[in-house]
Number of protein chains: 2
Amino acid sequence: MAPKTPAPKTSAAKSAPDAKRRSERSRRAIYEAALSMVSEVGYGKVTIEGIAARAGVGKQTIYRWWSSKAEVLLEAFVDLGQQAAEAAGGEDAFAALPDTGDVAADLKTVLRATVDELLDEKYDAPYRALAAEGVVNRELSEKFVQALLEPGLRLYVARIEKAQRDGQIRADLDPRIAMELFVSPLAQRWLQGTGPLTHAYTDTVVDYALHGLAPR
Amino acid sequence: MAPKTPAPKTSAAKSAPDAKRRSERSRRAIYEAALSMVSEVGYGKVTIEGIAARAGVGKQTIYRWWSSKAEVLLEAFVDLGQQAAEAAGGEDAFAALPDTGDVAADLKTVLRATVDELLDEKYDAPYRALAAEGVVNRELSEKFVQALLEPGLRLYVARIEKAQRDGQIRADLDPRIAMELFVSPLAQRWLQGTGPLTHAYTDTVVDYALHGLAPR
């Protein structure tokens with residue numbers, strides 16, 4: 001995979017050589033072409049040729065940086081995630097989760113932000129197109145999980161491990177499975193449309209997961 | 001939608017008129033053609049014409065019973081579910097969940113059976129093809145949820161309501177959301193490949209959901 005170079009900041013771009021600026025412009029144009037095409041025609045019908053034509057670059061420019069359309073699209077999604085994180089005020093999409101000392105409050109904050117992102121029309125169609133392809137295409141699915149899902153899931157695991165050290169989550173639980181109790185309900189509603197996505201819903205899921213369904 | 005007529009039992013078939021037997025044979029051939037084609041080429045490329053040709057029936061035979069390929073496929077899946085339930089010894093895919101008086105044991109039994117069904121190669125490709133289309137096609141997704149997911153989810157809700165009356169699940173919980181704590185983790189692993197599907201996994205999810213992540 002190509003290195004995940006974020007777009008240069010304005011000041012850096014001014015001092016960068018023209019060739020580097022041109023290449024960053026091409027990279028961004030390729031990402032935008034790839035994302036809009038997957039939204040419009042679906043993953044299956046997107047081709048490297050089509051992306052090159054829409055981005056206004058030669059096919060060889062794309063092949064110099066990536067070996068397949070799956071890699072172009074995954075990088076485009078990683079870049080989209082970084083843009084979303086920057087727009088939300090963070091520097092890095094994969095920074096740590098908030099830690100106020102109250103794991104329930106922190107999980108609710110993060111899941112509410114995830115609901116907002118999933119409901120953002122800008123991301124809906126391309127995320128859905130890639131997720132749908134992942135359901136039937138195991139090779140793409142593995143790359144999708146590694147590049148896009150796992151980095152986020154590891155942040156939940158780290159926050160749960162911290163809560164275990166703080167005594168807010170039982171120390172004998174597998175944090176990886178514990179996490180799925182509040183992450184997967186949101187994922188299934190988004191993927192399968194089995195219910196509405198709201199802040200009240202994710203708040204409730206966090207409370208149920210932490211306190212359990214059985215009487216205490 | 002066409003009525004959900006199960007295939008006649010041998011004794012009934014013997015006394016049925018030839019026309020009815022032929023029509024049941026055609027219906028079954030259409031289901032099998034639809035399921036194998038969606039596995040082979042994906043939902044998007046399946047056509048009524050293609051199903052008719054493979055099933056050895058006229059296009060008009062299909063249009064007499066169904067108005068779209070989505071309806072044919074959904075009926076085929078409902079029929080597949082009924083066959084699976086019959087093969088597992090039950091009469092009806094949508095009968096009640098077991099009730100031994102121990103909700104944890106009952107949920108583990110049902111989720112283990114679901115893992116086995118999801119790992120069955122016979123169902124994997126067509127279920128995935130339909131689920132993938134549902135991720136990007138809202139109209140199909142709504143039909144898919146109504147015809148295939150909701151009947152099963154309502155059984156979980158009914159079992160949870162019984163457990164609430166039995167004092168095994170807190171009476172103040174929304175049973176619909178409570179259910180998602182143990183159903184959605186399995187669904188996400190299946191849809192997104194975020195982890196292996198095993199009986200040990202679903203058992204653990206049930207224990208975590210019932211007893212909660214926080215210390216008691």
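Some values worked out for this structure:
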read-out	value
Residue match in region B:102-117 (condition: in contact (Cβ under 8 Å) with a residue 60 or more places away in the chain and in contact with a Lys or Arg (Cβ under 9 Å, 6 or more places away or on another chain))	yes
Candidate set: region B:85-119, residues that are more than 15 Å from B:Y156 (Cβ to Cβ) and modelled with pLDDT under 85; chosen: the one most open to solvent (accessible area, probe 1.4 Å)	B:E91
Residue list for region A:184-200, filter: more than 7 Å from chain B (Cβ to nearest Cβ) and without any contact (Cβ under 8 Å) to a residue 40 or more places away in the chain	A:R189, A:G195, A:P196, A:A200
The listed residue being outside the structural domain of A:I30 (by TED's automatic domain parsing), of a type in the set (G, A, S) and farther than 30 Å from A:S36 by Cβ, out of A:A113, A:A105	A:A105
Scope region B:120-164; condition of a type in the set (D, E) and buried (at least 19 other Cβ atoms within 10 Å of the Cβ); matching residues	B:E133
Residue in region A:9-20 that is of a type outside the set (S, T, Y) and at pLDDT 90 or above present	no
All positions within region A:173-183 that are assigned to a helix (DSSP H, G or I) and within 7 Å of chain B (Cβ to nearest Cβ)	A:I177, A:A178, A:E180, A:L181
Wholly enclosed helices (runs of 4 or more DSSP H) of region B:97-172 bearing at least 3 residues among the aliphatic types (A, V, I, L, M)	B:103-119, B:121-136, B:150-165
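The values are calculated or read from the model by the stated rules, or taken from the named source; none is laboratory data. Treat the numbers as computed from the prediction; the structure is a model and nothing was measured. Note: ideal-geometry Cβ built from the backbone for every residue, glycine included; neighbour counts use all protein chains shown. The accessibility values were calculated without ligands, DNA or RNA, using every heavy atom of the protein model including side chains. Shrake-Rupley method; radii C 1.70, N 1.55, O 1.52, S 1.80 Å.
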